[in-house]
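A.B. asks: Below is a structure I'd like to ask you about.
What follows is calculated from the coordinates using simple rules that are stated; it is not laboratory data. Given the structure is predicted, the values throughout are model-derived calculations rather than measurements.
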Amino acid sequence: MNLSNLSAPRGSSRGRKRVGRGQGSGLGKTAGRGGKGQKARTGNMHFEGFEGGQMPLQRRLPKFGFKNPFRKEFATVNVVDLSRFDAGSVVDPENLKKVGLVRKTLDGIKILGDGELDRALTVRAHRFSQAAKEKIEKAGGKAEVI
């Protein structure tokens, strides 16, 4: 069996309704809409959330929140995670990606000050927290802003 042998089961697909094509078609005159009333009229009830004239749910609920389109989002790495690198090595975004500490760089990488560092490293990142900068320099390393 292959794809060229497959077909839809019998009766699973129907022809399209051709409404308003004369009385002999069975869907002429009112075209299957019945007589008069709101549902018989054109240009009505064709949009999502219509509730028959009742105030729709999405308009009844209070609106809140704001998403700043200019917001910058940084991938974060803690100081304690930098101990994976050998003493004296340079830690930059490419190295952080290789080791698996960062998946996406987003708008940059920020080093946070959680944990302790016991080796001197040159860390290159887009931003540093004050605590992270102090801990890196205390260990004998350098914190360089890219």
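A.B. asks: With N set to the number of residues, divide the alpha-carbon radius of gyration of the stretch 13-135 by 2.2 N^0.38 Å and report two decimals.
C.D. replies: Ratio of Rg to 2.2 N^0.38 Å for the stretch 13-135: 2.30.
A.B. asks: What are the ³J(HN,Hα) couplings of the stretch 119-127, residue after residue, when phi is run through the Karplus curve with 6.51, -1.76, 1.60 and θ = phi - 60°? Round to Hz, x for glycine and proline.
C.D. replies: Once θ is set to phi - 60°, the couplings for the stretch 119-127 become 9, 7, 10, 9, 9, 10, 8, 7, 8 Hz.
A.B. asks: Normalised by the number of residues in the chain, what is the relative contact order in percent for Cα pairs under 8 Å and 6+ residues apart?
C.D. replies: Working: 185 pairs, mean separation 23.4, N = 146.
For the chain, the relative contact order is 16 percent.
A.B. asks: Give me the percent relative contact order of the stretch 19-64, please, defined on Cα pairs under 8 angstrom at least 6 residues apart.
C.D. replies: Over the stretch 19-64, the number comes to 17 percent.
A.B. asks: Follow-up. log10 I(q)/I(0), Debye, Cα-only the stretch 75-145, no solvent, q = 0.13 Å⁻¹?
C.D. replies: Results for the stretch 75-145 at q = 0.13 Å⁻¹ read -0.28.
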